[in-house]
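Structure first, commentary second.
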Amino acid sequence: MGDKKFLSHGCTLDCHDCCRFSVEVEDGKVLSIKGEKTNPYTKGFICKKGKMHLDRLNHKDRIYSPMKKVNGVWVEIDFDEALDIMSEKLTYYKNKYSSKSIMHYDQYGTGSVLKCIENIFFNYYGGVCIQKGGPCWSAGMKAQKADFGDVKSNSIDDMKNSKRIILWGKNPANTTIHTMKAVLDAKRNGSKIIVIDPIYTETAKSADLYIRTKPGTDGALALAMVKIIIEKNLIDYNFIKNYVYGFDEFKEYVKSQNLNYLSDECGVSVCDIENLAVEYADSPSHINVGYGIQKYKNGGNTVRLIDSLGIITGQIGIKGGGVSYSNRVYPDILDSDPYKSYLYGENREFYVSDISDFIEKSYETDEPIKMIVVTKSNMLNQLPDLYRLEKVFEDIEFKVCFDMFMTDTASKCDLFIPCTNTLESMDIIYSSMTNPYITVNEKAVNPKHEFMDEYYFFRELAKRMKMKEYPYVEKEEYLEKVIAPLKDYDSEISLQKLIDTNFTIDTDIAWADRKFPTETGKIEIYSEYAKSIGGTYIPEYIRNESTDEIEKGGLRLITVHPSDTLSSAHYMDREDMAKVYLNNKMAEKYNVKNSKTVILYGKKGKIEVTAVIDDGVPDYTVKMYVGWWKKHGNPNYLTESGISDFGGQVTYNDSIVYIKK
């Protein structure tokens, strides 16, 4: 038996918690992954998704050699040939059509710094077409930037200081187990837990009060609460006077709104809204906002209206208060581009919601999309309107996918490049969601080939393409430069210190200093920035247009995250059919039986699914979990590729479906 060691590592899944692991290694094999007990956030426990990094490391279907498609059949090749193909294709298309004939699509398949090295490579290449906005959080991020100048949150442990905690459209029982633990700890400490959600979730089962809203109307509820708080004179005048810009304009708008109309819109009685508003205004109250509420056309304004509750009651920058959406600690501090690759390339951006239009319209220009490189994403699983996107994707002349497995996206490509599992790669990981600690990922085992690590693959590709300015340095040197700005906070910072300690520069209370990086230096409830990105000056309630289709017989499709997979990553071995959840009333209306197969129709296609009767789902709504592959019945063949009022958020939850047996 060899020496057993425990290595530092952080979970690279796109999750709020970004857990720190203790990885047990012996004789070149990973024995276990456990939560790091000394980490103040992880506290020694992790979810099954984190533990499954080990399952995926040794999975029977993992691919270790590059492959190219010949006459529609995959043929195994070596890395030398794969690099030659990449070099030849990138050189050819750049010379003939410009570098903008290349699209690079990536998302959140892994969150570590050097897994994004291809962004640096493509800058040195000259810049390519890249996405903005996206399927996750973008409307809410822009909303909080408009209001506060940045996106910050109180620590989850601060909830113990709250009289009440409102989980608004958030189901941490499924999506962020450390937040859920903090909520339950706060409840045991005397905090009242309130869940606002169209769906009666696992989290709602632990709440003291559950309030069901109609999907897409959270803004109406927030605005109604604001109206009551103002009319009952429960606002914090001193806070508004000193730290808020534009309250008078907002107050006039609120005054013009009809409370009964807002109540009818959101489906919550005036009496219940009044009780909720009065209770919330009794400081300190905390709001924790989920991402599902901004996956509608009105998503950005919805988050701004929820923000306004904390703003007018002066519950920003205090213990037990805050409106928590996300927590950007490191993006503007770490030097993620230490060799200034941005000087060598200018990218052309498109909104994710518009990807199919963007590709098709490019063929009418001098810079048609001829090649796409997909990294860190199973885009033909996760993006909306897949019937159309699949066809548009297949029409691209040359397609490349970096992945560990033959995903739905990889199967449509011409070249497959296998990549490392996180356990095979040294890196740095941090979160902009909840966990404020930065972690060094020590390499636990070696990959089967050096070039499976994207850092070394793209370094070699740059060498073959004779990119003279590319940083041909080892990982350690690169990462030391990335973290160098942290020396302003700790002069002795180093990769080794990050391995040996739990390090953060964050504070428990967001905005405690009352310094807001907006144009006015105050919270801007009247925001020029919001207007400049397509929103309105003040947060307004915008009625959800898709509601009209429901009134004509449609059902709203809400897609949510399960507890056992992160997007499609952990459903690859499932053999069963995807499931659709609907309540008894809707099942009777459409003559649907529990556990029986039904067909869901969207505007462009259909899928077969298994019906599950669940009275936690509201009327005229069906629920499906994200992550199902095409073979299972992927709901994204039914979702529509809409875009939010601002921020470029994909509006998955505005999708309407019809059901047949």
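The values are calculated or read from the model by the stated rules, or taken from the named source; none is laboratory data. Here the structure is a predicted model, which is why all the values come from computation and not from measurement. Every residue, glycine among them, receives a Cβ derived from its backbone with ideal geometry; neighbour counts consider all protein chains shown. We work out accessible area using only protein heavy atoms, side chains counted, and drop any ligands, DNA or RNA first. Shrake-Rupley method; radii C 1.70, N 1.55, O 1.52, S 1.80 Å.
Quick look at the numbers
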| item | result |
| --- | --- |
| Rounded Å value of the spacing that divides the Cα centres of the range 52-88 and the range 342-413 | 19 Å |
| Exposure of Cys11 as accessible area (Å², to 10), given a probe of 1.4 Å and all protein chains | 10 Å² |
| The range 331-379: chymotrypsin sites (Phe, Trp or Tyr not before Pro) in DSSP loop, at most 13 other beta carbons within 10 Å | Tyr363 |
| Crossing angle, helix 454-464 versus the chain [Cα axis fit, 0-90 degrees, rounded to tens] | 50 degrees |
| Summed residue charge, Cβ within 9 Å of Lys68's Cβ, Lys/Arg positive, Asp/Glu negative | -2 |
| Asp332-Lys448 FRET efficiency (beta carbon distance; Förster radius 41 Å; 0.05 resolution) | 0.65 |
| Largest-first ordering by accessible area, 1.4 Å probe, given options Asp264, Asp357 | Asp264, Asp357 |
| Sequence of Arg464, Arg304 when ordered by accessible area, the most exposed leading, probe 1.4 angstrom | Arg464, Arg304 |
| Spin-label pair Asp490/Ile613, simplified geometry with 7 Å Cα→Cβ offset, distance in nm | 5.7 nm |
| Reference-scaled alpha-carbon Rg (2.2 N^0.38 Å with N residues) for the range 77-160 | 1.59 |
| FRET E, pair Asp573, Phe6, Förster distance 25 Å, beta-carbon r, rounded to 0.05 | 0.30 |
| Integer Hz, Karplus 6.51/-1.76/1.60 couplings in order for the range 257-262, x for Gly and Pro | 8, 8, 5, 5, 4, 5 |
| Cα Rg, Dmax, the range 270-379, angstrom units | 21.4, 61 |
| Percentage, to the nearest whole number, of Cα pairs in the range 177-285 over 25 Å apart | 31 percent |
| Extension gain, Lys37 back to Asn95 (0.36 nm per residue minus Cα-Cα distance, nm) | 15.5 nm |
| q = 0.10, 0.11 Å⁻¹, the chain: log10 I(q)/I(0) [Debye, one scatterer per Cα] | -0.97, -1.19 |
| Net charge contributed by nearby residues that have their C-beta within less than 11 Å of Pro338 (K/R +1, D/E -1) | -2 |
| Base-10 log of normalised Debye intensity for the range 376-416 (one unit scatterer per alpha-carbon) at q = 0.22, 0.24, 0.25, 0.32 Å⁻¹ | -0.66, -0.78, -0.84, -1.22 |
| Mean Cα-pair separation over length for the chain, i.e. relative contact order, pairs under 8 Å, 6 or more apart, % | 21 percent |
| Accessible surface of the range 546-660 [probe 1.4 Å, protein heavy atoms]: carbon and sulfur percent | 48 percent |
| The range 434-573 - Rg over Rh from alpha carbon coordinates, Kirkwood radius | 1.10 |
| Amide H partners (placed H, <5 Å) of Ile525, local residues excluded | Tyr245 |
| Point-charge dipole on Cβ atoms (K/R +1, D/E -1) for the range 232-354, about Cα centre, debye to 20 | 140 debye |
| Chain lengthening between Lys51 and Ser563 when straightened (0.36 nm per residue, less Cα-Cα) | 183.0 nm |
| Stretchable slack from Glu476 to Glu231, in nm (0.36 nm times residue separation minus alpha-carbon distance) | 82.3 nm |
| Cut-off 10 Å between beta-carbons: net charge of the residues surrounding Gly616, Lys and Arg +1, Asp and Glu -1 | -1 |
| Cα-centre dipole for the range 546-660 with unit charges at Cβ (Lys and Arg positive, Asp and Glu negative), debye to 20 | 440 debye |
| Amide H contacts of Arg164 (H built 1.01 Å from N, under 5 Å, at least 5 apart or other chain) | Lys192, His286 |
| Rounded to the nearest 20 debye, dipole of the range 4-58 from Cβ charges on Lys, Arg, Asp, Glu | 140 debye |
| Cα gyration tensor shape for the range 157-230, rounded if a/c is under 1.5, else prolate or oblate | oblate |
| Over the chain: helical MRE at 222 nm, DSSP H runs n ≥ 4 each giving -39500 (n - 2.57), nearest 500 | -8000 deg cm²/dmol |
| Estimated inter-spin distance, Lys361 and Tyr387, nm [label 7 Å along Cα→Cβ] | 2.3 nm |
| Glu346/Asp84 FRET efficiency (R0 30 Å; Cβ-Cβ; nearest 0.05) | 0.65 |
| Heavy-atom accessible area per residue - the chain, 1.4 Å, Å² | 39 Å² |
| Percentage relative contact order, the range 361-487, counting C-alpha pairs under 8 Å, at least six apart | 15 percent |
| Relative pair counts by distance (%), Cα atoms of the range 4-58, 10 Å bins | 26, 58, 16, 1 |
| Along principal axes, Cα extents of the range 487-539, largest first, whole Å | 47, 23, 17 |
| Peptides 185-193, 483-491 ordered by average Cβ neighbours within 10 Å, highest first | 185-193, 483-491 |
| Value of D in µm² per second that Stokes-Einstein yields for the range 546-660, Kirkwood Rh from Cα pairs, at 20 °C (1.002 mPa s) | 149 µm²/s |
| Loop sites in the range 533-619: chymotrypsin sites (Phe, Trp or Tyr not before Pro), DSSP, at most 16 other Cβ within 10 Å | Tyr590 |
